[in-house]
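Report on the following structure.
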Amino acid sequence: MYFKPNDPITFLSKDYGDVSIGDTLAFFNSSGYLEIALNMDKASSMLNLQKGEMIQINFYE
(Lines give C-alpha, C1' and ligand atoms only; values in the text may rest on other atoms or scores of the structure.)
Protein backbone atom coordinates (compact mmCIF):
# COMPACT_ATOMS: atom_id res chain seq x y z
CA MET A 1 0.00 0.00 0.00
CA TYR A 2 1.39 3.38 -1.00
CA PHE A 3 0.03 6.55 0.55
CA LYS A 4 2.75 8.70 -1.00
CA PRO A 5 5.19 7.71 -3.77
CA ASN A 6 7.93 5.47 -2.41
CA ASP A 7 6.41 5.24 1.11
CA PRO A 8 4.94 1.73 1.30
CA ILE A 9 3.12 0.03 4.14
CA THR A 10 3.88 -3.65 3.64
CA PHE A 11 1.32 -5.27 5.96
CA LEU A 12 -1.97 -4.61 7.73
CA SER A 13 -1.76 -4.26 11.49
CA LYS A 14 -4.37 -5.42 14.00
CA ASP A 15 -3.94 -2.28 16.11
CA TYR A 16 -1.48 0.44 17.11
CA GLY A 17 0.51 -1.96 19.31
CA ASP A 18 1.76 -3.87 16.26
CA VAL A 19 4.33 -1.15 15.49
CA SER A 20 6.82 0.93 17.46
CA ILE A 21 6.02 4.45 18.63
CA GLY A 22 6.24 6.86 15.69
CA ASP A 23 5.95 4.14 13.03
CA THR A 24 3.36 4.21 10.23
CA LEU A 25 0.67 1.55 10.12
CA ALA A 26 -2.56 0.65 8.36
CA PHE A 27 -5.46 -1.22 9.93
CA PHE A 28 -9.23 -1.54 9.75
CA ASN A 29 -10.72 0.55 12.57
CA SER A 30 -13.79 -0.29 14.67
CA SER A 31 -16.06 1.24 11.99
CA GLY A 32 -14.55 -1.00 9.31
CA TYR A 33 -12.64 1.77 7.53
CA LEU A 34 -9.05 1.39 6.44
CA GLU A 35 -7.00 3.78 8.55
CA ILE A 36 -3.46 5.01 7.93
CA ALA A 37 -1.94 6.18 11.19
CA LEU A 38 1.19 6.86 13.19
CA ASN A 39 1.54 5.18 16.55
CA MET A 40 1.35 7.96 19.18
CA ASP A 41 1.46 10.81 16.62
CA LYS A 42 -0.78 12.71 14.20
CA ALA A 43 -0.60 11.09 10.76
CA SER A 44 -2.43 13.85 8.87
CA SER A 45 0.21 16.47 9.61
CA MET A 46 3.29 14.25 9.88
CA LEU A 47 2.56 12.38 6.62
CA ASN A 48 0.96 15.35 4.83
CA LEU A 49 -2.25 13.40 4.18
CA GLN A 50 -5.67 14.93 3.59
CA LYS A 51 -9.10 13.38 4.16
CA GLY A 52 -10.23 11.58 1.01
CA GLU A 53 -6.76 11.50 -0.53
CA MET A 54 -6.14 8.68 -2.98
CA ILE A 55 -3.92 5.76 -1.97
CA GLN A 56 -2.70 2.79 -4.00
CA ILE A 57 -3.30 -0.77 -2.77
CA ASN A 58 -1.70 -3.73 -4.55
CA PHE A 59 -2.94 -7.25 -3.76
CA TYR A 60 -0.58 -10.20 -4.11
CA GLU A 61 -1.32 -13.90 -3.97
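Quickly run through segment 2-43 and pick out the residues that are among the β-branched types (Val, Ile, Thr), outside any loop (DSSP other than H, G, I, E, B) and within 19 Å of Phe59 (Cβ to Cβ). Step through it out loud before you land on a result.
The first filter runs over segment 2-43 and keeps only residues among the β-branched types (Val, Ile, Thr), leaving 9-10, 19, 21, 24, 36.
Imposing the further condition that a residue be outside any loop (DSSP other than H, G, I, E, B) reduces the set to 24, 36.
Selection gives Ile36 alone.
For Tyr2, which of the numbered conditions (1) loosely packed, with under 15 Cβ neighbours inside 10 Å; (2) in contact with a Leu (Cβ under 8 Å, 6 or more places away or on another chain) fails to hold?
(2)
Of (1) at pLDDT 80 or above; (2) more than 9 Å from the chain's Cα centre (by Cα), Glu61 satisfies all except one. Which?
With respect to (1) at pLDDT 80 or above; (2) more than 9 Å from the chain's Cα centre (by Cα), Glu61 is out only on (1).
Within segment 22-59, how many residues are surrounded by fewer than 10 Cβ atoms within 10 Å (Cβ to Cβ) and among the polar types (S, T, N, Q)?
Residues that pass the stated criteria total 5.
Does Lys14 satisfy the criteria of being over 10 Å from the mean Cα position of the chain (by Cα) and at pLDDT 80 or above? Show your work before the answer.
Values: over 10 Å from the mean Cα position of the chain (by Cα): yes; at pLDDT 80 or above: yes.
Yes: the conditions hold for Lys14.
The values are calculated or read from the model by the stated rules, or taken from the named source; none is laboratory data. The shown structure was predicted, so the numbers you read here are calculated from the model rather than taken from an experiment. We place every Cβ from the backbone using ideal geometry, glycine too, and count neighbours over all the protein chains shown.
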